[in-house]
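The values are calculated or read from the model by the stated rules, or taken from the named source; none is laboratory data. In this text the structure is predicted, and so the values were computed from the model without any measurement. Positions of Cβ are generated from backbone atoms using ideal geometry, with glycine treated the same way; all protein chains shown enter the neighbour counts.
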Amino acid sequence: MFTLMSLPFDQTALEPHISSRTIEFHYGKHHQAYVDNLNKLVAGTELETETLENIITKTAGKPEQAAIFNNAAQTFNHNIFWSCLKPTVTPMTPSAEVLEMINTSFGSLDEFFVELKKVALKQFGSGWAWLVTDGSKLQVMKTANGDNPLTHNLKPLFALDIWEHSYYLDYQNKRADFVDAVLANLINWDYIHQNL
Ligand code: MN
């Protein structure tokens, strides 16, 4: 039985960048629905006792298990998304170790933001923009719908949800403004450091 993770901050804590109303629907309705659907789909099957990660890798690319994959992956993706955000008065900065990897992989922190924003805007329709590692260096990538780095043998370090439900109440069609606001103000650099 999977349960909806606890939100690591108050529903209002990401304002003005992400409104309480967006969190109410995004976490309380969308994320909850993925968890509920997953529980219904795996009930009584051999997947019932597996970890989310195992369910994702076992069902990826199998059309007959697409519903299970989509709900497991979306549960997992949202767990990372909320964990990657941190409300602070002064935006956090990366640790020396993370910054060095960013500089090696992208040239500079600004260049990393440019690259991440580029893939976030390039994704046509629903999906995710990610910072990932292959174990040695960092890269950005985009995935469509529920797909995620696990199916590409990469480890997610930061997730940015670019489904319209993630920003439409606050930014309407302006995905770029949402991406800018998150990257400038809400990145939980501790999460990235701890998961390197
Ligand atoms: Mn979402």
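Values for this structure:
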quantity: Candidate set: region 115-147, residues that are free of Cβ contacts under 8 Å to residues at least 24 places away in the same chain, among the hydrophobic types (A, V, I, L, M, F, W, C) and touching a strand residue (DSSP E or B) at 6+ places or on another chain (Cβ under 6 Å); chosen: the one surrounded by the most Cβ atoms within 10 Å (Cβ to Cβ); calculated: Val119
quantity: Condition check for Leu150: surrounded by 23 or more Cβ atoms within 10 Å (Cβ to Cβ) and more than 16 Å from the ligand (Cβ to nearest atom); calculated: no
quantity: Filter pass, Lys137 being at pLDDT below 95 and either among the charged types (D, E, K, R) or closer than 16 Å to Phe81 by Cβ (or both); calculated: yes
quantity: Criterion violated by Asn173 - all others in (1) among the polar types (S, T, N, Q); (2) away from the ligand (no atom under 13 Å from the Cβ); (3) in contact (Cβ under 8 Å) with a residue 40 or more places away in the chain satisfied; calculated: (3)
quantity: Counted residues, region 69-96 - those being outside any helix (DSSP H, G or I), more than 14 Å from the ligand (Cβ to nearest atom) and modelled with pLDDT of 95 or more; calculated: 3
